[in-house]
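Report on the structure given below.
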Amino acid sequence: MAKKTMKSRKQATKTKKVAKASKKTVAMKAAATGGLPKPSTRPWGKAGKALEGVRILDFTHVQSGPTCTQLLGYMGADCIKVERPGTGDITRGQLRDVKGADSLYFTMLNGNKRSITIDSKHPKGKEILERLVKTCDVLVENFAPGTLDRMGFTWEHVHKLNPRMIMASVKGFGPGPYEECKVYENIAQCAGGAASTTGFREGPPVVTGAQIGDSGTGLHLALGIVAALYQRDRTGRGQRVLCAMQDGVLNLARVKLRDQQRLKHGPLEEYSQFGEGVPFGKAVPRAGNDSGGGQPGWILKCKGWETDPDAYTYFITQAPVWEHICDLIGKPEWKTHPDYAKPPARLPRLKQIFATIEAWTMTKTKFEVMDLCNQHDIPVGPILSMKEIAEDQSLRDTGTVVEVDHPTRGKYLTVGNPIKLSDSPCEVKRSPLLGEHTDEILTKVLGYSAKELAEIKTSGAITAEEKGASKT
Ligand code: CAO
């Protein structure tokens, strides 16, 4: 026994020495690379996806939340979308174009996700959700204020269940008088300062087609989540991430808050209103198609405008290329004329200058204008219709517009990842059918046995409630 003890002591000392030596080697290696892993020698794009290993409890619906989680999914996160049994995300059935199939509204916002149906108000459903909370890294939600709390998933409870959990929310407004309000896209555009500064001076406020309230806030939220994941590496704990849609829109409209402050010091000379001699009021006015930057611009008609609503180009009279513009439009004398040669002299005459340029652009198609102007570095942009964008080969080649096949609706176009990562290529996958992955997630992710799965199925926690059935 004693001999054996001596032997095991010797063995233990040897093991300690080996461990110490290997610790030393690891430490030396780490020191050589600044404490970071050595650069991968795998070929670019073969070292896994950027967010591989990150599991998202995707409790989002409609647009703002789903845009965020779809982006994270494009970057490799495992997005588990929790949906209400029977109906799922309300957008599955909204603006339906193909009978019986999930709408494009849903399919284009929910690619690269798995779908599980759980009744969050059912006791067994709550239990399943709690297991999910324990196994996920991030919970993303955009319910109306108070909804998640009513389900029993307060931040305090979630944090207690899983201290590493990051809980990310989109709400319409931040804390303050409107925090309890439900908000949709256009409300956010109005409350964030976009609508009051969009449109023409003579007309009412206008909302933009780009979904800056929903998709814009989803984008902000995704950034917050990635930052929180990065911080968690140091602190070991999760945190709350909140993006209010009003804040997101204001962030995108910040140049207008800039102009609001400039108004105190005089008129906004780059607004065409200045050149037209119309006095400014107390708030930033709508500026039509003025460029909003220091380089005046406007939308001009091109050949075919009489019949094609999109036969227009955006034209910027950038100062460094002014002389090229003068030559191109047949006004070489403007290069030296005191009313046109220098930018400040041009500001009061923008309307007349753009009318003269338009007389030239109307003799060319918007693509000819693009080709001719870019030979001289003159910044212009054809007004592209959605039809032209859908058919644009270069957008297909870069994976920005992607064709996806879907089992019930067939092929559809979606927008791929607009953020290109050189070592994390994006593979766009179709959206899931409602509850398509319920069994797979319950057994493979949450570890329920076949017997437990059968019990869950009969409990009503993952199926639509029968009329008159009670929850036990
Ligand atoms: N099981 C059971 N019930 C579920 C469920 C599930 N899996 N998922 C959702 N529900 C229930 C919620 O518990 C809630 O019930 P209660 O009101 O009884 O608590 C109900 O569904 C509705 O949820 P909601 O209040 O979030 O949805 P709504 O249609 O009433 O409002 C919206 C929609 C978008 C206005 C609101 O969610 C909101 O303001 N969200 C924050 C801002 C936002 O993201 N807006 C962008 C929307 S995209 O344009």
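See the values below:
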| item | result |
| --- | --- |
| R0 of 45 Å, Cβ-Cβ distance Ile389-Thr135: FRET efficiency to nearest 0.05 | 0.70 |
| Span-rule helices in the chain, defined as complete DSSP H runs reaching 24 Å or more along the axis (Cα) with Kyte mean at least -1.0 | 2-32, 215-235 |
| Loop chymotrypsin sites (Phe, Trp or Tyr not before Pro), the range 145-202, which have at most 13 other Cβ atoms in a 10 Å radius of their Cβ (DSSP) | Phe200 |
| 21 Å Cα-Cα threshold exceeded, pairs from Lys160/Lys182; Lys81/Lys451; Lys124/Lys160 | Lys160/Lys182; Lys81/Lys451 |
| Dipole in debye (nearest 20) - the range 82-195, about Cα centre, beta carbon charges: Lys, Arg +1; Asp, Glu -1 | 360 |
| Accessible surface of His376 - all protein chains present, 1.4 Å probe, nearest 10 Å² | 60 |
| Hits among aspartates and glutamates - C-alpha to C-alpha of Lys331 under 14 Å, sequence gap 8 or more where chains match | Glu323, Asp339, Glu358 |
| Most to least packed among 60-69, 390-399, 88-97 [average Cβ atoms within 10 Å] | 60-69, 88-97, 390-399 |
| For the chain, with +1 on Lys and Arg beta carbons and -1 on Asp and Glu, the positive-most of His406, Val369, Ser196 along the dipole | His406 |
| Nitroxide proxy distance, nm - points 7 Å out along Cα→Cβ at Phe367 and Lys121 | 5.5 |
| Size of electric dipole in the range 126-250: Cβ of Lys, Arg +1 and of Asp, Glu -1, about Cα centre, debye, nearest 20 | 460 |
| Residue (of Thr235, Trp298, Gln246) at the positive-pole extreme of the range 151-300, dipole from beta-carbon charges | Thr235 |
| Gain in span if fully extended, Ala47 to Gln231, counting 0.36 nm per residue against the direct Cα distance | 64.0 nm |
| The chain - percent of accessible surface contributed by carbon and sulfur, probe 1.4 Å | 58 |
| Where Lys444, Lys282, Lys38 fall by accessible area, highest first, once all protein chains stay in place (1.4 Å) | Lys282, Lys444, Lys38 |
| Accessible area expressed per residue, the range 78-127, with surrounding protein chains retained (probe 1.4 Å, Å²) | 41 |
| MRE, 222 nm, helices only [DSSP H, n ≥ 4, -39500 (n - 2.57), over the chain, to nearest 500] | -10500 deg cm²/dmol |
| Only Lys, Arg (+1) and Asp, Glu (-1) charged, at Cβ; the range 346-472 dipole about Cα centre in debye | 500 |
| Residue order for Cys243, Cys181, Cys326 - accessible surface, 1.4 angstrom probe, largest first | Cys181, Cys243, Cys326 |
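The values are calculated or read from the model by the stated rules, or taken from the named source; none is laboratory data. Everything numeric here is computed off the predicted structure, so don't read it as measured data. Here the Cβ is made from the backbone with ideal geometry for all residues, glycine too, and neighbour counts use every protein chain on show. Protein only, heavy atoms only, side chains kept; ligands, DNA and RNA dropped before computing areas. Shrake-Rupley method; radii C 1.70, N 1.55, O 1.52, S 1.80 Å.
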